[in-house]
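Novice: Take this structure first; my questions come after.
The values are calculated or read from the model by the stated rules, or taken from the named source; none is laboratory data. Note that the structure is a prediction, hence the values are computed from the model and not measured. Neighbour counts run over all protein chains shown; Cβ positions are idealised from the backbone, glycine included.
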Amino acid sequence: MRRRIQVRYGVGVLQYTGYSGNISSNGLMIRALRVFEPGTVLELEVLIDEKSYRVKGKVRWAREGDVRLLQTGRVGMGVRFVAPPAVFLEAVKAMDVAAPRAGVSS
């Protein structure tokens, strides 16, 4: 699901900030200039509805580029969650349920 969520990340320390391009129960795409090599395990702090969740993730792919490309999704990295806590997965699932559907009115 596409939703802009703040993500703090780093190796051992939450040193950088990026924003999600999309997120699912398996992982997320982080739009950020500072990317890490595939295989790197990151500490993540994901902010969902003003609540922060700590989770680990493993970088699957990474693309460096110019700051002007951040909004296009061409710059950043794909991260797969590693043993995410159930409460975090519930929050991600709840976002999907709460997301408005195209062409559906209330």
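Novice: Could you list, in sequence order, all residues of region 2-27 that are touching a helix residue (DSSP H, G or I) at 6+ places or on another chain (Cβ under 9 Å) and part of a loop (DSSP other than H, G, I, E, B)?
Specialist: Arg3, Ile5, Ser24, Ser25
Novice: Hey, another quick one. I need a count of the residues in region 12-31 that are farther than 18 Å from Ala83 by Cα and among the small types (Gly, Ala, Ser).
Specialist: So the first thing to find is which residues in region 12-31 are farther than 18 Å from Ala83 by Cα, and the list is 13-22, 30-31.
Filter once more, keeping what is among the small types (Gly, Ala, Ser): 18, 20-21.
Looking only at that region, the number is 3.
Novice: Between residues in region 23-49 that are under 13 Å from Gly12 (Cβ atoms) and among the hydroxyl-bearing types (Ser, Thr, Tyr) and residues that are outside any strand (DSSP E or B) and modelled with pLDDT of 95 or more, which pairs lie under 8 Å by C-beta distance while being six or more apart or on different chains?
Specialist: Thr40/Val11
Novice: Hey, among the residues in region 38-54 that are in contact with a strand residue (DSSP E or B) (Cβ under 8 Å, 6 or more places away or on another chain) and over 16 Å from Val82 (Cβ atoms), which one's surrounded by the most Cβ atoms within 10 Å (Cβ to Cβ)?
Specialist: Ranking the qualifying residues of region 38-54, first place goes to Leu47.
Novice: Val67 - would you say it is over 11 Å from the mean Cα position of the chain (by Cα), modelled with pLDDT of 95 or more and β-branched (Val, Ile, Thr)?
Specialist: The answer is no for Val67.
Novice: Moving on. Can you tell me which residue within region 30-52, out of those that are among the basic types (Lys, Arg) and not in a loop (DSSP other than H, G, I, E, B), is modelled with the highest pLDDT? First the steps, then the outcome.
Specialist: Taking region 30-52 first, the residues among the basic types (Lys, Arg) are 31, 34, 51.
Narrowing the set further to residues that are not in a loop (DSSP other than H, G, I, E, B) leaves 31, 51.
Details: Arg31: 89, Lys51: 93.
Ranking the candidates gives Lys51 first.
Novice: Right, Val82: modelled with pLDDT of 95 or more and hydrophobic (A, V, I, L, M, F, W, C) or not?
Specialist: yes
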